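**Student:** Pasting a structure here, questions to come.
The values are calculated or read from the model by the stated rules, or taken from the named source; none is laboratory data. As the structure is a prediction and not an experimental result, all values here were calculated from the model. Cβ placement follows ideal geometry from the backbone for every residue including glycine, while neighbour counts extend to all protein chains displayed. Just the protein is used for accessible areas: all its heavy atoms, side chains included, with ligands, DNA and RNA removed. Shrake-Rupley method; radii C 1.70, N 1.55, O 1.52, S 1.80 Å.
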Amino acid sequence: MCGIVGGVAERNIVPILLEGLRRLEYRGYDSSGVAVLNCLGEPDSEYPTCQIQRQRALGKIKNLEHKISQESKKLSGKTGIAHTRWATHGVPSESNAHPHICNEKVAVVHNGIIENYQSLKNKQLEEGYRFTSETDTEVVAHAVHFELKKNQGNLLDAVTQAVKQFEGAYALGIISMDNPDLLIAARKGSPLVIGVGIGEYFIASDVSALLPVTQNFIFLEEGDIAQIQKDALVIFDKNGNEATRPIKASSLSANAVELGEHRHYMHKEIFEQPQAVMNTLEGRITKDNVLVSAFGQDAEVIFKEIKQVQIIACGTSYHSGLVAKYWFEDILDLPCQVEVASEYRYRNPVIQYNTLFVTISQSGETADTLAALQQVKQLGGGKNIPTLSICNVAESSLTRESDLAFLTHAGPEIGVASTKAFTTQLVALALLMVAIGKTQQTMSEEQEKNIVLGLQKLPSLIQSALAHEETIKIIAQTFADKESALFLGRGTMYPIAMEGALKLKEISYIHAEAYPAGELKHGPLALIDEQIPVVAIAPMDDMIEKLKSNLQEVNARGGQMIVFEDEQSGISSEKDFTVVKTTSNVGRITAPITFNIPLQLLSYHVALIKGTDVDQPRNLAKSVTVE
């Protein structure tokens, strides 16, 4: 959701800003813009003459690049900010696109939401400020401009005073015509990193935007304000004290987010899953054992005391938690609750002693999940409520605020519809379940060994499932003229059915719902006719005979059945009843992970047939950093 890039450099920064925006496209956006300080004299000369140059465009970044190329006056400068916008306040339009400028003096880019913007706007209108957009961000530009006049042109002091007025979340990049070699960055509730170059500094929403120019990053903490010049950086904490933040070297390469031979990032990431699973397991298991220390140096002490698990997540991550609930309760007899973060944070949850509070997020910046974590930390009081985050992004807000953190090591995930992040979250949760079981001695060594062996087989099981792509392409044709679909599963396959339905609706815009197969008679059966494809997942388990009966109920009513089954499940293809023998010899840990793969491929190929934007589906964003 929204993307920020900025910097103070020794060179024309416009190409760097545009490349950074391209690398943030995956976050989702509807418009983009760039603003730079164009100085006739050198910025560090005694009397530089500077002006703010800005260009904005609706739609794709290529539209912005085209407009810049058509300008008679070249857009150029060594200090600048850029933004991709995902509409919250105000419709997608050029006038609502960032950066926003106040009186040709101050330019601002902003991620987040200023919740009290209306009261600030009313006050600023009384002060004579003119608004040219419908956004909440414009009040930031006016507030900084107002404080700049009071603080004799000192941009740092102006921003420091301005942010005290804002309620809500923000990551800010701010430049001023009167401060040509200066960029101010501030964050509260929304992520922002500083890229450390050689004689230059940059800012961005995440490290992927800056990989072509640096591998070294500083992660701003909550309430930080940074004063950035090409040869100097000073960071102040939320109390206004000068602070030191460590420089972290990123292991990502600039080409880690390239498509390669794949048509879409989603397709690339689906096929990266065998390697992603290996990366998640690496260093976390030995030949027969799970290393409890993989969850942190205090993990063993914490795991010994917990009496239940509470999982909080959103979207796809929520589905991974639902699968894990079966594992924790079936295998460990350990109570496990799973809740959507946006609901959990707005009620008064009863938090039991010795609860392990687990948050799951691909980005580690999901606003509702982060807020729920912060709420629990405040409400916990003297109770023993240790927190654990499962995340794909090192140094994310979620990992920094949790007692324990487990990084999935899935690598960059660019497609909005999550694939390898989901798979690696499931692997991480399986490892967590084993780690708790062995620590509490509720899991035998033989059980642990069998689960570890199963996890080690996962890459090859996924590879075998991927081999069914050509068959799935043909099945996808079934959905060409369809507007709805139904997904069925039992046990752990019910959350997998939910994930399959989510993927289909996300990228093909087909309405899709998931139900436990046993619930057909309680309502969904009324929907079944020849216009509704029904996708079912049929592992070889103790529920298979009941599932077969459910499938016959659908078939008898003219429904088009598509069944992904274990080779040993014994379901045969017939008219309007297509069976894909997806895998064989999978256990209760590996089965849901493996059966998810063909559902990802199905949604991808249906989206191709529908002609939708696979990687950036309409109205959606990769990182949901606002409510």
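**Student:** Can you compute the label reach from residue 449? Point 7 Å from Cα along the Cβ direction, backbone N cut-off under 15 Å, restricted to region 266-290.
**Tutor:** The answer is 286-290, whose backbone nitrogens lie closer than 15 Å to the label point.
**Student:** Picking from 153, 210, 170, whose Cα lies most toward the positive end of the charge dipole for region 134-231 (charges on Cβ: Lys, Arg +1; Asp, Glu -1)?
**Tutor:** Sorting the options by dipole projection puts first 153.
**Student:** Can you list the residues, at least 5 places off or on another chain, whose amide H is less than 5 Å from the amide H of residue 189, using H built in the peptide plane?
**Tutor:** 170, 223
**Student:** Count the lysine pairs in region 415-522 that are 8 or more places apart or on different chains: how many have C-alpha atoms under 22 angstrom apart?
**Tutor:** For region 415-522, the number of qualifying lysine pairs is 12.
**Student:** Peptides 292-305, 583-596: what's the order by average Cβ count within 10 Å, highest mean first? Walk me through the numbers on the way to the answer.
**Tutor:** Working: 292-305: 16.6, 583-596: 22.6.
Listed from highest to lowest mean packing, they are 583-596, 292-305.
**Student:** Something else about it: What size of dipole, in debye to the nearest 20, comes out for the chain about its Cα centre when the only charges are +1 on Lys and Arg C-beta atoms and -1 on Asp and Glu C-beta atoms?
**Tutor:** Working: 57 positive and 75 negative charges, 109 e Å.
Magnitude of the dipole: close to 520 debye.
**Student:** While we're on this one: Sorted by average packing, counted as other Cβ atoms within 10 angstrom per residue and highest first, what order do 203-209, 218-224, 9-15, 429-435 take? Could you put the intermediate results ahead of the total?
**Tutor:** Values: 203-209: 27.0, 218-224: 18.9, 9-15: 17.3, 429-435: 25.1.
Ranking the peptides 203-209, 218-224, 9-15, 429-435 by packing returns 203-209, 429-435, 218-224, 9-15.
**Student:** Describe numerically, in nm with one decimal, the distance between label points set 7 Å from Cα along Cα→Cβ at residue 305 and at residue 585.
**Tutor:** According to this spin-label approximation, the distance is 4.4 nm.
**Student:** State in Å² the accessible area per residue of the chain; use a 1.4 Å probe, count heavy atoms of protein chains only, and round to the nearest integer.
**Tutor:** 39
**Student:** State the cysteines of the chain left without a partner when partners are defined as other cysteines whose beta carbon lies under 4.7 Å away.
**Tutor:** If one checks each Cβ against the other cysteines of the chain, 2, 102, 314, 336, 391 turn up with nothing under 4.7 Å.
**Student:** With only Lys, Arg, Asp and Glu charged, each at its Cβ (+1 for the first two, -1 for the last two), find how big the charge dipole of region 36-135 is about the Cα centre; round to the nearest 20 debye. All intermediate terms of the calculation are to be shown ahead of the outcome.
**Tutor:** Details: 13 positive and 11 negative charges, 80 e Å.
Roughly 380 debye for region 36-135.
**Student:** Please work out the FRET efficiency for the pair residue 51 and residue 440, using the Cβ-Cβ distance as r and a Förster radius of 60 Å; give the result to the nearest 0.05.
**Tutor:** Details: r = 66 Å, r/R0 = 1.10.
Once the sixth-power term is evaluated, E becomes 0.35.
**Student:** Could you calculate the contour length gain from residue 68 to residue 374, that is, 0.36 nm times the residue separation minus the distance between their Cα atoms, to one decimal place in nm?
**Tutor:** Values: separation 306, 0.36 × 306 = 110.16 nm, distance 4.26 nm.
Here the segment from residue 68 to residue 374 would lengthen by 105.9 nm.
**Student:** As a test of the formula, what do you get for the chain when each DSSP H run with n ≥ 4 contributes -39,500 (n - 2.57) and the sum is divided by the residue count, at 222 nm and rounded to the nearest 500 deg cm²/dmol? Numbers along the way, then the final one.
**Tutor:** On the way: 18 runs with 213 residues, N = 627.
It comes out at -10500 deg cm²/dmol, rounded to the nearest 500.
**Student:** What order do you get for 103-114, 58-69 when each peptide is scored by the mean count of other beta carbon atoms within 10 Å, highest first? Intermediate results must be reported in sequence, preceding the final value.
**Tutor:** Working: 103-114: 24.3, 58-69: 15.8.
By packing density, highest mean first, the sequence is 103-114, 58-69.
**Student:** Ok, one more. What helices does the chain have that are whole DSSP H segments, at least 30 Å long along their own axis by Cα, and with mean Kyte-Doolittle hydropathy of -0.5 or more?
**Tutor:** On the way: long enough: 445-466 (32 Å, -0.09); 590-610 (31 Å, 0.88).
Helices meeting the span and hydropathy rule in the chain are 445-466, 590-610.
**Student:** May I ask you to give the percent of accessible area on the chain that is carbon plus sulfur, with a probe radius of 1.4 Å?
**Tutor:** Numbers: 11450 of 24490 Å².
Reported share for carbon and sulfur atoms: 47 percent.
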